[in-house]
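The values are calculated or read from the model by the stated rules, or taken from the named source; none is laboratory data. Bear in mind that the values here come from a model prediction, so they are computed numbers and not experimental data. Heads up, the Cβs are rebuilt from the backbone with ideal geometry, glycines too, and the neighbour counts pull from every protein chain shown. Note: accessible area is taken over every heavy atom of the protein model, side chains too, but ligands, DNA and RNA are not part of it. Shrake-Rupley method; radii C 1.70, N 1.55, O 1.52, S 1.80 Å.
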Amino acid sequence: MISPFLPASRRAVVLSLVALLALAAAGCGPKTETAAPAAAPKPGAVRIGFLVKQPEEPWFQLEWKFADQAAKDLGFTLIKNGAPDGEKVLAAIDNLAANGAQGFIVCAPDTRLGPAIVAKAKAAGLKLLAVDDQFIGPDGKPMAQVHYLGISARKIGAAVGETLAAEFKRRQWPVAETAVLAMTYDELATAKERTDGAIDALVAAGIPADRIHKAPQRTTDIPGALEAATTLLTRHPGVKYWLVCGNNDNGVLGAVRALEGRRIPVENAVAVGINGTDCIAELEKAKPTSFHGSMLLSAKAHGYRTAEMMYRWIKDGVEPPLDTRTVGVLITRENFRQVLREQGVRD
Ligand code: FCA
């Protein structure tokens, strides 16, 4: 089933891709263009692809950086590609096969492309590991049979909610003057679990459910979040204090920019992100903003470990676990330099 949340235009693209794939599988589809193979790999040489949906996001750049490290340490070739839409991701898989790769790691631009990606990988004899965003099957359920490494989304979201609730209590803001701005992207299961986890924790801490406002993002970048948050804030001019959560740093940063645009004083809002990798410049600003901190995820586990798992699978036949979940740790202006250094994100 194609997501009812997808805009009609995107639904059409996904549908036509699925149809195209079915045709190709039946051997009567149009020929897919593939790049000419690079220099023939040495027999036994391991080549691994790493495809990401948003190559411009620091999170994905760090995943790549750590995967590059694994390639250097273990001695394999890493082929990195940005795959921001369904067509690009399927073409990139063709290119990997043509270039002698034996497997790839992918954060898909749309998790409903899962069945198409699995079919293509299978046809090309490529091993496959999904990272960050778990594939969704035709029944709308996670494809648990596809190897996956992702975050413990609900728990990490709950930690965001608990951090916000603690700040709310410490600042002694009256409940009647406070509201939650939740930057949501429910089309993506890991994103929904994160914001649901944060909201549940806030409600458990005493914020009334009717003071929680969701701002659905059309895109998961800062402009998409800024637009969604601005619309929501315009609808609630009476709220004095804001607690902000979201799917990731960029969602929350867009909301912080929107609060500034509405001239909400910096000290009247607290915002906590997720990733910890896309907010470093924000935390480094000499003058604090409402961006209080972020749950730093392990880019090393998502980049290095996935690449290592794929390498062992190809080279030694060691199949990775089907489902691996990683944790997050809170960084704030007080500790971010030290924690980023400890985690190898920064020198
Ligand atoms: C998703 C988000 C990324 C990152 C990753 C772990 O793919 O879009 O920003 O949070 O999960």
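Looking at Ala130, Ala108, Ala97, Ala83, just one residue is more than 16 Å from the ligand (Cβ to nearest atom) and not aromatic (Phe, Trp, Tyr), and that residue is Ala97. Among residues of region 201-213 that are over 19 Å from Lys155 (Cβ atoms), those with a beta-carbon under 6 Å from a residue that is open to solvent by 50 Å² or more (accessible area, probe 1.4 Å) and part of a helix (DSSP H, G or I) at least six positions away or on a different chain give the pairs Ala209/Val203. Here Ile274 clears all of (1) β-branched (Val, Ile, Thr); (2) in contact (Cβ under 8 Å) with a residue 12 or more places away in the chain; (3) within 12 Å of the ligand (Cβ to nearest atom); (4) open to solvent by 10 Å² or more (accessible area, probe 1.4 Å) except the condition numbered (4). In region 236-271, of all residues being away from the ligand (no atom under 15 Å from the Cβ) and of a type in the set (D, E, K, R), the one that is most open to solvent (accessible area, probe 1.4 Å) corresponds to Arg263. Residues in region 290-338 that are under 21 Å from the mean Cα position of the chain (by Cα) and among the β-branched types (Val, Ile, Thr) were compared, and the one that is most open to solvent (accessible area, probe 1.4 Å) is Val327.
Free of Cβ contacts under 8 Å to residues at least 24 places away in the same chain and of a type in the set (A, V, I, L, M, F, W, C), is that true of Ala176? Answer is yes for this residue. All of (1) open to solvent by 10 Å² or more (accessible area, probe 1.4 Å); (2) closer than 17 Å to Pro320 by Cβ; (3) within 19 Å of the chain's Cα centre (by Cα) hold for Phe135 with one exception: (1). Against the test of being more than 13 Å from the ligand (Cβ to nearest atom) and modelled with pLDDT of 95 or more, the options Leu322, Leu296 yield a single qualifying residue, Leu322.
Screening Asp196 against (1) within 16 Å of the ligand (Cβ to nearest atom); (2) outside any loop (DSSP other than H, G, I, E, B); (3) touching a residue at least 60 places away in the same chain (Cβ under 8 Å) leaves a single unmet condition, (3). Is one or more of the residues making up region 58-73 open to solvent by 40 Å² or more (accessible area, probe 1.4 Å) and modelled with pLDDT under 95? Within region 58-73 (the criterion being open to solvent by 40 Å² or more (accessible area, probe 1.4 Å) and modelled with pLDDT under 95), the answer is no, since none of the residues qualifies. For region 154-177, the criterion of being outside any helix (DSSP H, G or I), within 16 Å of the ligand (Cβ to nearest atom) and either surrounded by 22 or more Cβ atoms within 10 Å (Cβ to Cβ) or among the aromatic types (Phe, Trp, Tyr) (or both) is met by none of the residues.
The numbered conditions (1) part of a helix (DSSP H, G or I); (2) surrounded by 21 or more Cβ atoms within 10 Å (Cβ to Cβ); (3) touching an Asp or Glu at 6+ places or on another chain (Cβ under 8 Å) are all true for Gly150 except (1).
Residues are listed down the side, and each one gets a yes or a no for (1) open to solvent by less than 10 Å² (accessible area, probe 1.4 Å); (2) in contact with a Leu (Cβ under 8 Å, 6 or more places away or on another chain):
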site: Glu87; (1), (2): no, yes
site: Asp94; (1), (2): no, no
site: Ala116; (1), (2): yes, yes
site: Ala119; (1), (2): no, yes
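On the stretch given as region 105-157, residues that are closer than 19 Å to Glu87 by Cβ and small (Gly, Ala, Ser) total 8. Candidates Tyr241, Tyr185: the one that is within 14 Å of the chain's Cα centre (by Cα) and in contact (Cβ under 8 Å) with a residue 24 or more places away in the chain is Tyr185.
When the residues of region 214-233 are narrowed to those that are in a helix (DSSP H, G or I), more than 15 Å from the chain's Cα centre (by Cα) and among the hydrophobic types (A, V, I, L, M, F, W, C), which ends up surrounded by the fewest Cβ atoms within 10 Å (Cβ to Cβ)? Filtering region 214-233 for residues that are in a helix (DSSP H, G or I), more than 15 Å from the chain's Cα centre (by Cα) and among the hydrophobic types (A, V, I, L, M, F, W, C), the one surrounded by the fewest Cβ atoms within 10 Å (Cβ to Cβ) comes out as Leu232.
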